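To start, the structure under review is shown below, and the notes come after it.
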Amino acid sequence: MSEDDRHCEEILESGERCSAWKIANSAFCLMHTPAMRDECQKMRSRGGKRHWTLDPETFEAMEIRSLEDCREYMNRALVLVAQGKLNPTTLQAMSSAITAMARLIDMSDLDKRIGLLEDKVNKR
Ligand SMILES: [Zn+2]
């Protein structure tokens, strides 16, 4: 068994191989074993600490209710991409989802404003 065989086979965004040790019966370390990723996520959120340094899978879910939130979400994603922690392809997918979200929020805001205007007009 060569030295390399004992290390996780995940290739990081930086192009380097993950340097963590493999866990038993897996080609990956604890962080990169698909079955363990959810578990890690849970452990992390239980701790209530924000970790941005692990991998794209850990991008923190946030509730998006306003255009401000959309901006915040994309900001976070862009920082991660710049740091090499988020795959640009993932960013693209996130970006088109967030654009759709922003459009929906915009439309419902407009709808509310029109509703208010209609109320005013009807009360006259
Ligand atoms: Zn790994």
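The values are calculated or read from the model by the stated rules, or taken from the named source; none is laboratory data. Because the structure is a prediction, the values reported are computed rather than measured. In this analysis, Cβ positions are derived from the backbone assuming ideal geometry, glycine residues included, and neighbour counts consider all displayed protein chains.
Things to note:
- Any chance residue 86 is in contact (Cβ under 8 Å) with a residue 12 or more places away in the chain, of a type outside the set (Lys, Arg) and out of contact with any helix residue (DSSP H, G or I) (no Cβ under 7 Å at 6 or more places or on another chain): no
- Checking each residue in segment 82-124 for being under 20 Å from residue 72 (Cβ atoms) and hydroxyl-bearing (Ser, Thr, Tyr) picks out 90, 95, 96, 99, 108.
- Residue match in segment 52-63 (condition: part of a loop (DSSP other than H, G, I, E, B), farther than 29 Å from residue 20 by Cα and at pLDDT below 85): yes
- Scanning segment 11-47 for residues that are small (Gly, Ala, Ser) and more than 11 Å from the ligand (Cβ to nearest atom), we see that the one that is modelled with the lowest pLDDT is 47.
The rows are residues; the columns are (1) at pLDDT 85 or above; (2) in the same structural domain as residue 12 (by TED's automatic domain parsing); (3) surrounded by 13 or more Cβ atoms within 10 Å (Cβ to Cβ).
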site	(1), (2), (3)
75	yes, no, no
81	no, no, yes
87	no, no, yes
94	no, no, yes
98	yes, no, yes
102	yes, no, yes
108	yes, no, no
112	yes, no, no
